[in-house]
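Since the structure comes first, as structure tokens, the remarks are kept for the end.
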Amino acid sequence: MPVVAILGRPNVGKSTLINRITARMTAIVDSTPGVTRDRKYVPAVWLDQEFIVTDTGGVGIEKGFLSTDIERQAFFAAQEADVVIMVVDVRTGVTCDDEWLARRLKQLKCEVLLAVNKVDNPAQEHEAYVFYSLGLGDPITISAQHGLGIGDLLDRVVANMASGKASPPKPQIAVTIVGRPNVGKSSILNKMAREQRTLVHDAPHTTRDTIDTIVEGKDREYRILDTAGIRKNRTGMSDIEYYSSLRTYKAIEDADVVLLVVDSAEGPTEHDQKIASVVESRGRASIVLLNKWDLVEDTRQARGVMDAIGYKFRYAPHLPLLRVSALTGRGIDKILPLIDTAYEEWNRRVSTPALNEFLSLVKDKIAPPRKGGRQLKLYYATQAGKAPPTVVIFVNDASLVKPDYRKFISRQLREEYGFWGSPLRVRFRTAGKDRITHAKH
């Protein structure tokens, strides 16, 4: 699929433009320069032409905290793009940063379009003529905030895309990487993608937005979202950090499989436990990655970490655990196959006859509970849904079901059918007379 990269110096409206092109709020917009730091991939379509838009961090001559890494990410995006949109600000005119970036982009072999942003009314259009000095052809005047000129820009984008019939898209699994700040989420993604896709730094909160990366597998693609670290407390958060946390929770809901990264050197915390609970409550398949295992594998600490994991996640023994090291590469090659397994278990469907045979065996193991002289009767079961698997058991009176018995049924279902890495919903429903008659027949 063709790729369109958006580049420009800080705060010229790149994220506002990507939100306008994709017709959804995909990037955090804030007046603070440097909010966008990594490459972010978002699907878009114009005139029936599908393409991928890449948002990048602001680049310029001035060097500062992470600026070199941000610049490298931006030019990675430009090099892999079919079309590059350079965004400038009509209000500031041509700056030294604009001239520097234009010179760099001319060295690339892709088509470069110059978009003059913040032209909010026709009176400002004549001010765009000064940008001819950049040598990038006719400036295209737009207002990303108000949507002016966006159609003309996209017409030029589509016209400059390489023609040719696109190959049919591969099946795709949406994967989200979550965890506390600075546990190595971006490092793991970079290792999986086999290149420096996201910024890695010792300072927490280096990743501020959700970062999309497509990793190619043999038979399918993996759309992997790296997210901002989930802080323990929301008090004291800046506006950017607050909206980053909202994006992280939204990324969890949009995922098929969630990778929860735990810092092995620090050991699992209550906060890790709470994040896992959030993932479980959203009904997503999940895998626990014990990162930085290279720091503990040759010490007595390793057994203590595994014991602590077993205790903290005792409520979810179905979660796969994988010991990895983003630094040495240990276990990274096992992540994608494990994602495949969790995804398949999340989508597992069991036939109604098989579930009813299971139900008859369960009744022989432990008698259903009694309450006030009445005994629970299990009539029949059916799987009402998948992703996550949801089993509905029809009974004579659902109020007779005790929590311990519900857990017992869930354990038996997992022992019989697996659902490894996936939440399992078990619901009891009081059957009407028509359902009871149906069950007897």
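The values are calculated or read from the model by the stated rules, or taken from the named source; none is laboratory data. None of the values given here were measured: they were computed from a predicted structure. Here Cβ is always computed from backbone atoms with ideal geometry, including for glycine, and neighbour counts include all displayed protein chains.
If you go through the range 305-331, how many residues are in contact (Cβ under 8 Å) with a residue 60 or more places away in the chain, surrounded by 16 or more Cβ atoms within 10 Å (Cβ to Cβ) and out of contact with any strand residue (DSSP E or B) (no Cβ under 8 Å at 6 or more places or on another chain)?
Within the range 305-331, residues that are in contact (Cβ under 8 Å) with a residue 60 or more places away in the chain, surrounded by 16 or more Cβ atoms within 10 Å (Cβ to Cβ) and out of contact with any strand residue (DSSP E or B) (no Cβ under 8 Å at 6 or more places or on another chain) number 1.
Could you check how many residues of the range 396-426 are touching a Ser or Thr at 6+ places or on another chain (Cβ under 7 Å), charged (D, E, K, R) and outside any loop (DSSP other than H, G, I, E, B)?
1
Are there any pairs with C-beta distances below 8 angstrom linking a residue in the range 81-95 that is farther than 16 Å from residue 144 by Cα to a residue that is among the charged types (D, E, K, R) and in a loop (DSSP other than H, G, I, E, B), with the two at least 6 apart or on different chains, and if so which?
Matching pairs, first to second residue: 95/9.
Report, by residue number, each residue of the range 86-124 that is under 13 Å from residue 10 (Cα atoms), surrounded by fewer than 20 Cβ atoms within 10 Å (Cβ to Cβ) and not polar (S, T, N, Q).
Within the range 86-124, 89, 96, 97 qualify.
Tell me which residues, restricted to the range 278-336, are at pLDDT 95 or above and among the aromatic types (Phe, Trp, Tyr).
293
If you check residue 393 against the conditions, is it among the hydrophobic types (A, V, I, L, M, F, W, C) and in a helix (DSSP H, G or I)?
Considered against the rule, which asks whether it is among the hydrophobic types (A, V, I, L, M, F, W, C) and in a helix (DSSP H, G or I), residue 393 comes out as no.
Condition (residue is at pLDDT 80 or above, among the aliphatic types (A, V, I, L, M) and under 19 Å from the mean Cα position of the chain (by Cα)) applied to the range 40-49: is it met by at least one residue?
Yes; the residues of the range 40-49 include at least one that is at pLDDT 80 or above, among the aliphatic types (A, V, I, L, M) and under 19 Å from the mean Cα position of the chain (by Cα).
Hey, among the residues in the range 263-304 that are in contact (Cβ under 8 Å) with a residue 40 or more places away in the chain and among the small types (Gly, Ala, Ser), which one's surrounded by the most Cβ atoms within 10 Å (Cβ to Cβ)?
285
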